[in-house]
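See below for the structure under consideration.
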Amino acid sequence: MESEFNHHLLSNQSSVEERMAAGKALREKYPREMHGEYKPAENRADPVSILKKQAETRLPFLVPIRYARMLTSPFAFLRGSAAVMAADLAAANTTSIRVQTCGDMHVANFGVFGSAERSLVFGINDFDETLPGPWEWDLKRLSASIVSAGRFLGANDKLCKEAVLAASELYRKHMKKYANMGYLELYYETIQGSDILKVISPSAKKRAEKIFEKAGKRTHMQVLAKLTDIVDKKNMLRENAPFIVRETHSQSGRSINEALGLVLDSYLNSLADEKKKLLNHYRIVDVVRKVVGVGSVGTRCWVIFLKGNHSGDPLFLQVKEAQTSVLEPFAEKSVYSNHGQRVVAGQRILQAAPDIFIGWGEVDGIHFYIRQLRDMKGGVEFDPEKVKIKNLPQYTALCGWALALAHAKSGDAAIIAGYAGKSSELDKAMARFAFSYAAQTENDYTALAEAAKKGRINVAEPE
């Protein structure tokens with residue numbers, strides 16, 4: 001899927017105005033309204049078969065939990081079926097304007113997190129599927145997720161449409177702003193919590209302030225209190241089988257101590273010297289295997305509890321397996337031989353303030369990345385009883401803003417802005433696509449439920 005012009009070369013030789021004009025000219029071949037079209041391909045693969053194929057590389061005893069979580073709602077199904085949607089997106093025409101995509105862009109993959117300077121910023125917070133690809137794949141998946149999430153939360157279709165339009169509109173408007181920024185200015189640009197409070201309504205502001213306050217308290221000390229118990233006068237990670245389990249051996253047969261040593265040795269090689277020196281001050285206290293997320297269930301994930309200078313100096317690291325991006329069969333092969341490095345590199349490009357401890361490694365052929373657990377992280381809880389549904393468009397607008405910033409950092413904002421334009425044509429197209437694909441998601445969700453009834457898949461008991 002190569003562009004008809006080398007936009008990197010164009011970026012180096014052309015002005016902002018010339019690149020915006022080049023983006024606008026693309027509309028002749030790729031009209032903006034084409035993004036509103038969705039029809040399943042005649043040879044569309046069975047979504048259940050795609051999920052079962054994914055399960056072949058996962059821990060088999062955890063796969064039923066993945067299916068159980070996906071079957072809680074069509075929105076949960078969408079969250080866990082990035083591979084299904086990737087195939088559908090690849091079947092449609094694209095502008096071929098490339099960015100570093102998130103690859104699994106949906107409304108639950110945004111949140112606030114602490115920068116190295118300990119301020120709260122808002123942005124994308126999941127990068128497992130990141131890979132270079134067409135910018136519109138992320139915006140389409142975000143749009144479809146807005147309708148699925150909105151319906152799950154109790155919104156009517158009018159409000160869902162308003163929310164999709166709001167996301168696309170802010171994506172367009174901020175892309176134009178970023179197109180005119182200097183490259184260094186854009187590199188340092190973040191969406192601060194204070195920036196958000198300036199643009200949302202009083203009712204939404206009150207809720208946002210609570211989220212920020214809660215995130216600010218999610219320090220390693222808070223994790224210590226929430227995830228550990230006192231055992232023999234010292235803190236140990238709390239078990240909750242089958243979701244949090246302390247194991248004696250890894251799946252490869254190595255002892256946990258041996259496997260953990262190899263993991264950390266490999267990981268340390270990916271860190272800068274000052275981060276290595278900082279981490280070397282800590283010692284390991286405990287480690288558990290943990291089930292996380294929806295789409296990630298079945299991949300290998302561990303939590304490591306470390307202690308520093310004293311009992312009030314804990315550090316919690318999450319070790320997460322990184323597999324091949326769901327986009328790779330349709331976009332391009334990753335330039336990184338290690339998929340953990342692919343995830344880390346993508347996060348550093350897309351996220352304004354990446355975790356200081358993020359790194360990668362490999363043990364027994366398993367690629368992984370490591371990051372801090374819960375360090376000043378927070379976001380909207382997608383619970384119908386906790387969300388003020390009338391604020392949905394304000395939240396989705398913030399998502400569109402954050403996605404625009406991520407794409408501008410990795411692609412050519414001027415070309416995208418020129419193509420997207422000033423009118424609402426692109427926004428309307430995204431809304432049409434969102435409702436069409438939400439219907440497809442609901443059909444696929446039903447297909448998975450039928451597969452469970454017929455015994456094609458094994459599903460765990462509800463949590």
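The values are calculated or read from the model by the stated rules, or taken from the named source; none is laboratory data. Quantities reported herein were computed from a predicted structural model and do not represent experimental measurements. Counting neighbours? That spans all protein chains shown, and the Cβs are built from the backbone with ideal geometry, glycine included. Ligands, DNA and RNA are excluded from the accessible area calculation, which covers all protein heavy atoms including side chains. Shrake-Rupley method; radii C 1.70, N 1.55, O 1.52, S 1.80 Å.
Residue-wise, which Karplus ³J(HN,Hα) couplings in Hz belong to region 192-209, taking 6.51 cos²θ - 1.76 cosθ + 1.60, θ = phi - 60°, and x for glycine or proline?
Each residue's phi maps through the Karplus curve to give 7, x, 5, 5, 5, 4, 6, 10, 9, 6, x, 5, 6, 4, 4, 5, 4, 4 Hz.
As a test of reading the structure, rank Arg348, Arg69 by solvent-accessible area (1.4 Å probe, protein chains only), most first. Walk me through the numbers before you get to the answer.
On the way: Arg348 115, Arg69 45 Å².
My answer, sorted largest first, is Arg348, Arg69.
What's the ranking of 119-131, 413-425, 149-161 by average number of surrounding C-beta atoms within 10 Å, highest first?
Values: 119-131: 23.8, 413-425: 22.2, 149-161: 18.7.
Output ranking for 119-131, 413-425, 149-161: 119-131, 413-425, 149-161.
Given Val231, Leu170, Gly182, which one lies farthest toward the positive end of the charge dipole of region 136-232, if we put +1 on the Cβ of every Lys and Arg and -1 on the Cβ of every Asp and Glu?
Most positive-ward Cα: Leu170.
Check Thr101: other-chain or 5+ apart residues with amide H under 5 Å from its amide H, H built from backbone geometry?
The list, which skips near neighbours in sequence, is Leu131, Gly133.
Just name one of Leu71, Val335, Leu131: the one whose Cα is farthest towards the positive end of the charge dipole of the chain (beta-carbon charges, Lys/Arg +1, Asp/Glu -1).
Leu71
Roll a 1.4 Å probe over the protein heavy atoms and report the accessible area of Lys428 in Å², nearest 10.
That residue has around 110 Å² of solvent-accessible surface.
Explain nothing, just the number: dipole magnitude of region 186-260 about its Cα centre with +1 on each Lys and Arg Cβ and -1 on each Asp and Glu Cβ, in debye rounded to the nearest 20.
Values: 14 positive and 9 negative charges, 83 e Å.
Dipole size: approximately 400 debye.
Please find the FRET efficiency linking Val335 to Ala45, where r is the Cβ-Cβ separation and R0 is fixed at 30 Å, and quote it to the nearest 0.05. Before the final figure, lay out the partial values.
Details: r = 27 Å, r/R0 = 0.90.
Between Val335 and Ala45 the formula returns 0.65.
If you take the charge dipole of region 309-427 about its Cα centre, with +1 on Lys and Arg Cβ and -1 on Asp and Glu Cβ, which of Gly418, Leu315, Tyr369 is farthest toward its positive end?
It is Gly418.
Ignoring ligands, DNA and RNA, please state the percent of accessible area on region 54-100 from carbon and sulfur, probe 1.4 Å. Mind showing how you got there, number by number?
Details: 750 of 1380 Å².
That fraction is 54 percent.
What is the packing order of peptides 453-460, 57-64, taking the mean over residues of other C-beta atoms within 10 Å and listing the highest first? Intermediate values should be presented prior to the final figure.
Values: 453-460: 14.0, 57-64: 15.9.
Listed from highest to lowest mean packing, they are 57-64, 453-460.
For Lys205, give me every one of the aspartates and glutamates with a C-alpha distance below 15 angstrom, ignoring sequence neighbours fewer than eight places off in its own chain.
Counting by Cα, and skipping residues close in sequence, Lys205 has these aspartates and glutamates nearby: Asp195, Glu213.
How many angstrom lie between the Cα centre of region 316-350 and the Cα centre of region 93-167?
Centre-to-centre distance over Cα atoms comes out at 18 Å.
With θ set to phi - 60°, apply the Karplus curve 6.51 cos²θ - 1.76 cosθ + 1.60 along region 79-85 and write out the HN-Hα couplings as whole Hz, x wherever there is a Gly or Pro.
Each residue's phi maps through the Karplus curve to give 4, x, 10, 4, 5, 5, 5 Hz.
What translational diffusion coefficient, in µm²/s and rounded to a whole number, does the Stokes-Einstein relation yield for region 50-175 at 4 °C and a viscosity of 1.567 mPa s, taking the hydrodynamic radius as the Kirkwood radius over Cα pairs?
Numbers: Rh = 16.1 Å.
Result for D is 80 µm²/s.
From the phi of every residue in region 14-21, what ³J(HN,Hα) in whole Hz does the Karplus formula 6.51 cos²θ - 1.76 cosθ + 1.60 yield, where θ is phi - 60° and glycine or proline is x?
Here the 3J(HN,Hα) series is 10, 6, 4, 4, 5, 6, 5, 5 Hz.
What pairs from Lys140/Lys290; Lys161/Lys388; Lys234/Lys276; Lys52/Lys140; Lys210/Lys307; Lys140/Lys390 go past 28 Å between their alpha carbons? Write out the running numbers ahead of the final one.
Values: Lys140/Lys290 31 Å; Lys161/Lys388 17 Å; Lys234/Lys276 26 Å; Lys52/Lys140 24 Å; Lys210/Lys307 30 Å; Lys140/Lys390 22 Å.
Pairs exceeding the cut-off: Lys140/Lys290; Lys210/Lys307.
Which value, in debye to the nearest 20, describes the size of the charge dipole of region 126-283 about its Cα centre when Lys and Arg Cβ atoms bear +1, Asp and Glu Cβ atoms bear -1, and nothing else is charged?
Values: 27 positive and 21 negative charges, 144 e Å.
The calculation lands at about 700 debye.
If you average the alpha carbon positions of region 13-91 and of region 388-432, how far apart do those two centres end up, in angstrom?
Value for the Cα centre distance between the two parts: 17 Å.
Sorted by accessible area with a 1.4 angstrom probe, largest first, how do His310, His35, His281 fall? Each step should come with its number before you reach the end.
Numbers: His310 100, His35 0, His281 125 Å².
So, going from the largest accessible area down, we get His281, His310, His35.
For Arg66, Arg246, Arg432, give the ranking by accessible area with the largest first, probe 1.4 Å. List each step's numbers first, then the result.
Working: Arg66 5, Arg246 85, Arg432 105 Å².
Descending order: Arg432, Arg246, Arg66.
Using a 1.4 angstrom probe and counting only protein chains, how large is the accessible area of Thr228 in Å², to 10?
For Thr228, the solvent-accessible surface is approximately 10 Å².
Over the chain, calculate the relative contact order: mean separation of alpha carbon pairs under 8 Å at least 6 apart, over the residue count, as a percent.
Values: 814 pairs, mean separation 149.5, N = 463.
Here the relative contact order equals 32 percent.
What accessible area, in Å² to the nearest ten, does a 1.4 Å probe give for His339?
30 Å²
With 10 Å bins from zero, work out the P(r) of region 106-157 over every alpha carbon pair and list the percent per bin.
Pair shares across the bins are 21, 40, 29, 9, 0.
Checking the cross-link filter: which aspartates and glutamates have an alpha carbon closer than 14 Å to that of Lys214, excluding same-chain neighbours under 8 positions apart?
Within the straight-line limit of under 14 Å, Lys214 reaches these aspartates and glutamates: Asp375, Glu381.
For the chain, what is the charge dipole size about the Cα centre, in debye to the nearest 20, if Lys and Arg each add +1 at the Cβ and Asp and Glu each add -1 at the Cβ? Walk me through the numbers before you get to the answer.
On the way: 63 positive and 54 negative charges, 225 e Å.
Taking the Cα centre of the chain as origin, the dipole is about 1080 debye.
Using 0.36 nm per residue, how much length does the chain from Glu239 to Ala439 gain when fully extended, once their Cα-Cα distance is taken away? Kindly include the intermediate steps, with their values, before the conclusion.
Numbers: separation 200, 0.36 × 200 = 72.00 nm, distance 3.91 nm.
Using 0.36 nm per residue and subtracting the Cα-Cα distance, I get 68.1 nm.
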